[in-house]
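Following: one structure in structure tokens, then a few remarks.
The values are calculated or read from the model by the stated rules, or taken from the named source; none is laboratory data. Quantities reported herein were computed from a predicted structural model and do not represent experimental measurements. FYI the Cβ positions are ideal-geometry reconstructions off the backbone, even for glycines, and counts take in every protein chain you see. Ligands, DNA and RNA are stripped out before the accessible areas are found, and what is left, the full protein with its side chains, is counted by its heavy atoms. Shrake-Rupley method; radii C 1.70, N 1.55, O 1.52, S 1.80 Å.
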Amino acid sequence: GFEMNAPIRLTETGAGTDRRSHLGGSEAAAIMGVSKWKTPFQLWEEKTGRFVPEIDPAKQKLFDRGHRWEPVALDMLLDELTARGHAVELLGRGIRYQDPEHAFLQGEIDAEILLDGEHVNVELKTVGGFAANQWGEMDSDEVPIHYAAQVMYGLGLTGRRLCVVGALIGADNMIPYFVERDDETIAAMREKCVAFWTVNVQGDVAPDPVNMEDIHRIF
């Protein structure tokens with residue numbers, strides 16, 4: 001893998017809140033073509049101001065629910081890890097990081113913990129009953145691919161080795177997944193994100209359409 005300088009921790013004064021000024025973790029999934037919400041072309045339209053997405057009430061409800069449940073899900077994850085005999089200490093929540101070389105690569109980590117003495121990332125997901133079958137065996141690294149991309153992006157930004165993904169399925173079933181960094185994947189994602197920003201967004205060149213909705217939008 002590539003050697004990375006220390007990550008830049010941004011202060012909490014609304015840094016990076018203008019989504020048009022940077023790329024975030026879920027957007028990295030879109031650039032890699034694995035987002036279930038948007039294609040690279042749709043993301044490009046948003047970043048260049050050609051399209052301002054309408055708030056889809058159903059999607060907003062999902063995001064709001066996830067946000068509301070986050071503190072509860074975090075408590076449940078810490079309890080679950082402790083019950084399994086891990087030494088756990090909460091270090092921080094919602095800290096935003098910036099790539100030391102490219103200021104437009106940014107991401108917020110849901111939480112950070114000391115897990116048996118190691119500083120690791122935490123991502124929290126609330127999972128509706130229907131989506132539960134997209135998740136693999138408990139304790140594995142088998143999380144849905146769009147979340148895996150977000151996790152790798154976060155590990156790349158922070159330089160850490162491990163992310164614990166806490167999936168809250170329904171209201172009371174907290175399942176931890178353990179995703180380790182993969183330098184090759186991170187380097188490939190970073191390269192693709194940098195190219196998207198410099199060539200497509202700053203160079204104002206549309207990425208190729210990948211589905212019928214993209215083609216509709218072009219015409």
Of a type outside the set (D, E, K, R) and either open to solvent by 20 Å² or more (accessible area, probe 1.4 Å) or within 18 Å of Arg65 (Cβ to Cβ) (or both): does that describe Tyr147?
yes
Residue ID - nearest to Glu27 (Cα to Cα), chosen from residues in the range 151-173 that are assigned to a helix (DSSP H, G or I) and touching a strand residue (DSSP E or B) at 6+ places or on another chain (Cβ under 7 Å):
Tyr153
Does any residue of the range 128-143 turn out to be in contact with a Phe, Trp or Tyr (Cβ under 7 Å, 6 or more places away or on another chain) and closer than 26 Å to Pro7 by Cα?
yes
Any residue in the range 116-130 that is of a type in the set (Lys, Arg) and either without any contact (Cβ under 8 Å) to a residue 24 or more places away in the chain or out of contact with any helix residue (DSSP H, G or I) (no Cβ under 8 Å at 6 or more places or on another chain) (or both)?
no
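In the set Asn200, Asn211, which member is under 13 Å from Trp44 (Cα atoms), of a type in the set (S, T, N, Q) and either in contact (Cβ under 8 Å) with a residue 40 or more places away in the chain or surrounded by 13 or more Cβ atoms within 10 Å (Cβ to Cβ) (or both)?
After ruling out the rest, the residue left standing is Asn200.
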If I ask for residues that are open to solvent by less than 30 Å² (accessible area, probe 1.4 Å), closer than 28 Å to Arg190 by Cβ and of a type in the set (A, V, I, L, M), which ones from the range 70-105 would you list?
Leu74, Leu77, Ile95, Leu105
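Of all residues in the range 42-69, which are charged (D, E, K, R) and either free of Cβ contacts under 8 Å to residues at least 60 places away in the same chain or surrounded by 15 or more Cβ atoms within 10 Å (Cβ to Cβ) (or both)? Talk me through it step by step, then tell me what you get.
Within the range 42-69, the first condition is being charged (D, E, K, R), and the residues that meet it are 45-47, 50, 54, 56, 59, 61, 64-65, 68.
Once the filter is applied, which keeps residues that are charged (D, E, K, R) and either free of Cβ contacts under 8 Å to residues at least 60 places away in the same chain or surrounded by 15 or more Cβ atoms within 10 Å (Cβ to Cβ) (or both), the range 42-69 yields Glu45, Glu46, Lys47, Arg50, Glu54, Asp56, Lys59, Lys61, Asp64, Arg68.
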So for the range 108-130 (the condition being open to solvent by 50 Å² or more (accessible area, probe 1.4 Å) and within 19 Å of the chain's Cα centre (by Cα)), does at least one residue qualify?
yes
Give the range 181-212 a look and list any residue that's assigned to a loop (DSSP other than H, G, I, E, B), among the hydrophobic types (A, V, I, L, M, F, W, C) and closer than 13 Å to Thr39 by Cα, or say none.
Ala206, Val210
Only one of Thr185, Thr158 is surrounded by fewer than 20 Cβ atoms within 10 Å (Cβ to Cβ), of a type in the set (S, T, N, Q), closer than 30 Å to Arg20 by Cβ and within 17 Å of the chain's Cα centre (by Cα). Can you tell me which?
Thr185
State which residue pairs qualify: first residue assigned to a loop (DSSP other than H, G, I, E, B) and inside the range 91-106, second residue open to solvent by 10 Å² or more (accessible area, probe 1.4 Å) and basic (Lys, Arg) in any location, beta carbons under 8 Å apart, and separation of 6 or more residues or different chains.
Asp99/Arg190
